[in-house]
1. Got a sec? Which of 169, 185 is within 14 Å of the chain's Cα centre (by Cα) and in a helix (DSSP H, G or I)?
2. Against the condition at pLDDT below 95 and within 13 Å of the ligand (Cβ to nearest atom), how does residue 66 come out, does it pass?
3. Would you call residue 80 more than 16 Å from the ligand (Cβ to nearest atom), at negative phi and surrounded by 23 or more Cβ atoms within 10 Å (Cβ to Cβ)?
4. Would you please list the contacts, defined by Cβ atoms under 7 Å and residues six or more apart or on different chains, that run from a residue in the stretch 142-168 that is closer than 12 Å to residue 47 by Cα to a residue that is away from the ligand (no atom under 15 Å from the Cβ) and part of a helix (DSSP H, G or I)?
5. For the stretch 148-166, which positions are under 19 Å from residue 195 (Cβ atoms), part of a loop (DSSP other than H, G, I, E, B) and more than 13 Å from the ligand (Cβ to nearest atom)?
6. Of all residues being touching a strand residue (DSSP E or B) at 6+ places or on another chain (Cβ under 6 Å) and assigned to a loop (DSSP other than H, G, I, E, B) in the stretch 108-123, which is nearest to the ligand (Cβ to nearest atom)? Just the residue, please.
7. Which residue, of 98, 93, is under 16 Å from the mean Cα position of the chain (by Cα), over 20 Å from residue 171 (Cβ atoms) and away from the ligand (no atom under 16 Å from the Cβ)?
Ligand SMILES: [Zn+2]
């Protein structure tokens, strides 16, 4: 990797890649208040259980967004530049800054034999050469966001790896950093493969009564 100077991010090399250290930004806390917070925007995007049931649907849905492996691959140092650019961007900081303020992210320059890029826990990403492209960078970064959120907010519901919250954040990042055309591609993919990313619709009282009655009838009918 050639030497690169990245503002607001300290880069240290380690055996298999680099460690990025993101410094504090003045925007890091600005939307985390009770009335309008990133968490507020996400809290009704919970899933039904622990099982990562949307994973393969999400892979199908993003398929058209991802360039062919031999084509358009970025170099590893471009991946680092892109991550720094996104994470230090003001829009990103206003939404997710608190999750990245004065934190480190280890990014592995993986071998070509590894057949996927991945995120591990809150602070590690791994990119083999054929998986160095913007949609995959945003996908893996979304995993880091979702994982870090669980340390900032007390999750009362289930949020799975590729669940509603993941799908929503990923789509937001694609819209912001890949433009409206790609946003439309991913959104259509979600629709085609039935990937859920919207808020759950709150049940009204009348609604709930109907559901209860239906449930009661089912029990009676099954006896
Ligand atoms: Zn994933």
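1. Testing whether each residue is within 14 Å of the chain's Cα centre (by Cα) and in a helix (DSSP H, G or I) leaves just 169.
2. Working: at pLDDT below 95: yes; within 13 Å of the ligand (Cβ to nearest atom): yes.
Here the answer is yes, as residue 66 does meet what is asked.
3. yes
4. If the second residue must be away from the ligand (no atom under 15 Å from the Cβ) and part of a helix (DSSP H, G or I), the pairs left are 165/42.
5. Within the stretch 148-166, 157, 159 meet the criteria.
6. For the stretch 108-123, the residue satisfying everything is 117.
7. On the way: 93 fails: over 20 Å from residue 171 (Cβ atoms).
98 is the lone residue from the list that is under 16 Å from the mean Cα position of the chain (by Cα), over 20 Å from residue 171 (Cβ atoms) and away from the ligand (no atom under 16 Å from the Cβ).
The values are calculated or read from the model by the stated rules, or taken from the named source; none is laboratory data. What you are looking at is a predicted structure, and each value in this text was computed from that prediction instead of being measured. Quick reminder, even Gly has a Cβ in these numbers, built from the backbone with ideal geometry, and neighbours come from all protein chains shown.
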